[in-house]
Amino acid sequence: MPNKRQPLMSGNWKMNLNHYEAIQIMQKLAFLVGKDDFAEVEVSVHPPFTDLRSVQTLIEGDKLGFVLGAQNCHFEDTGAFTGEVSPSFLGKLSVRYVICGHSERRQIFGETDEMVNKKVRAVFKHGMIPIMCVGETLEERESGSTIERILDQLRGGLASVAPERVSEMTIAYEPIWAIGTGKTATAEDAQEVCGAIRREVAVLFGQEVSQGVRIQYGGSVKASNISELMAQPDIDGALIGGASLDPDEFARIVQYRLH
């Protein structure tokens, strides 16, 4: 079946840029990425929580084509969770996409597949769309257990999620050993895992759902490697970290079709 899914390029700013800097980045991106680009590619930006309102106001006020995203949320609506951010708060800020289970959340902050699953369902509950991340460590890759590990995370994260919801969401494959290291999985390696993800979604939810779900690759994505990655049949976009902090580089990634 031909790939008719619109690519999604997501810039994950991580813990970078205060709200003044965020406005400057967005203003630069507004000059670099135009209507022709947005007609072909959906582009989300995921600032830190303290920047969200500033970026939202700029996107809506200047009618920019970018979509607002968040980097994380809690799975409860309210409560005694000091320092956490409710998905209901994000929904009120016109956030469309929320990253769930990024490897840094799993590795540094101990998020489990069960927690990621709760976040995925909470994001849907509040009218937003999760970008659910899965990925293996270098040790898991070297031991030959990449696919097994990825599919375990996939099944855990999608537990009790309705098929029609799964078809709306994005799954991001981000090998942990490639994030911020300068190492990138080859396009063939990335396709092998993304293809396995799509086949498993078909097993769990049916062929139609598997053809609807978007699968991103994340892990040292740059303008120099994005075209090769996007040429793969099961890669529908990218989750971009460090390169998204450079407006020129991020724009070149979004405009991969022109390379």
Mind listing which chymotrypsin sites (Phe, Trp or Tyr not before Pro) in the range 21-113 are in a DSSP loop and have 14 or fewer other Cβ atoms within 10 Å?
-> PHE81
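Based on the alpha-carbon gyration tensor of the chain and its eigenvalue square roots a ≥ b ≥ c, which shape applies: rounded if a/c is under 1.5, prolate if not and a/b is larger than b/c, or oblate? Please list the in-between numbers first.
Details: a/c = 1.44, a/b = 1.13, b/c = 1.28.
The shape class here is rounded.
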Karplus-derived 3J(HN,Hα), 6.51/-1.76/1.60, for each residue of the range 23-29, Hz, glycine and proline x = 5, 5, 4, 5, 5, 5, 5
Pop out the ³J(HN,Hα) list for the range 56-69 in order, Karplus 6.51 cos²θ - 1.76 cosθ + 1.60 with θ = phi - 60°, rounded to Hz; leave Gly and Pro as x.
-> 4, 4, 5, 4, 6, x, 9, 6, 7, x, 6, 10, 7, x
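Work out, step by step, the length gained on full extension between THR112 and ASP77: first 0.36 nm times the residue separation, then minus their alpha carbon distance; give nm to one decimal. Intermediate values should be presented prior to the final figure.
Details: separation 35, 0.36 × 35 = 12.60 nm, distance 1.91 nm.
In short, 10.7 nm is gained.
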Amide H neighbours of SER44 under 5 Å, at least 5 residues apart or on other chains, H built in the peptide plane: list them.
-> MET9, SER10, GLY11, VAL67
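Which whole-number percent gives the relative contact order of the range 40-137, counting Cα pairs below 8 Å spaced six or more residues apart?
Dividing the mean separation by the residue count of the range 40-137 yields 26 percent.
Quick check on the range 1-41: take the gyration tensor over C-alpha atoms, sort the square-rooted eigenvalues as a ≥ b ≥ c, and tell me if it's rounded (a/c under 1.5), prolate or oblate. Don't skip to the end; give the middle numbers.
Working: a/c = 6.30, a/b = 1.84, b/c = 3.43.
Because a/c hits 1.5 or more and a/b fails to exceed b/c, the range 1-41 counts as oblate.
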Expressed as a whole percentage, what fraction of the accessible surface of the range 8-255 belongs to carbon and sulfur atoms when a 1.4 Å probe is rolled over the protein heavy atoms?
-> 51 percent
Between SER94 and SER143, with labels modelled 7 Å along Cα→Cβ, what's the label distance in nm to one decimal, could you check?
-> 4.7 nm
Under-5 Å amide H pairs with ILE215, H placed in peptide plane, nonlocal only = ILE171, ASP236
The range 8-255 - percent relative contact order, Cα under 8 Å, separation 6 or more | 20 percent
Per-residue ellipticity at 222 nm for the chain, helices alone: DSSP H runs ≥ 4 residues times -39500 (n - 2.57), over residue total, nearest 500 deg cm²/dmol?
-> -13000 deg cm²/dmol
Take the alpha carbon atoms of the range 209-237, find their center, do the same for the range 242-256, and report the distance between the two centers in whole angstrom.
-> 15 Å
On average, how much accessible surface per residue is there in the chain, in Å², for a 1.4 Å probe, leaving out ligands, DNA and RNA?
-> 45 Å²
Once all Cα-Cα distances of the range 87-226 are split into 5 Å bins that start at 0, what whole-number percent is in each one?
-> 2, 10, 20, 23, 21, 14, 8, 2, 0
Mind putting a number on the dipole of the chain about its Cα centre? Charges go on the C-beta only, +1 for Lys and Arg and -1 for Asp and Glu, and I need it in Debye to the nearest 20.
-> 580 debye
Solvent accessible area, Å² - THR186, 1.4 Å probe, full protein context = 70 Å²
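The values are calculated or read from the model by the stated rules, or taken from the named source; none is laboratory data. Being a predicted model, the structure only gives us computed values, none of them experimental. Cβ sites come from the backbone with ideal geometry, for glycine too, and all protein chains shown count toward neighbours. Note: accessible area is taken over every heavy atom of the protein model, side chains too, but ligands, DNA and RNA are not part of it. Shrake-Rupley method; radii C 1.70, N 1.55, O 1.52, S 1.80 Å.
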